[in-house]
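Enquirer: Below: one structure in structure tokens.
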């Protein structure tokens, strides 16, 4: 079970915050990981209003990987945020 204090940090997150979050990026990259799935399902149980934000962030990441949905500036900005979050 996920630690509650880890879940609480996501209370005020929006899609762009999730995109910058290393643990979120790991989950999107490994959607079959049961530990990650359990954590994010529990988070949605606690914060059901985050479902839309999470799905939006996942869609942005998946579209950027396919090279669709973002203009070059948006894609560059997204990758900058991803790289920054992975280095911190």
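Nothing in this text is a laboratory measurement; each read-out follows from the coordinates by a stated rule. Being a predicted model, the structure only gives us computed values, none of them experimental.
Enquirer: By how many degrees, between 0 and 90 and to the nearest 10, does the Cα long axis of helix 34-46 differ from the longest principal axis of the chain?
Expert: Long axis of 34-46 versus the principal axis of the chain: about 80 degrees.
Enquirer: Taking only C-alpha pairs under 8 Å that are 6+ residues apart, what is the relative contact order of the chain in percent?
Expert: That works out to 40 percent.
Enquirer: Rounding to the nearest 10 and keeping the result within 0 to 90°, find how far the Cα-based axis of helix 50-66 lies from the longest principal axis of the chain.
Expert: Orientation of helix 50-66: about 40 degrees from the principal axis.
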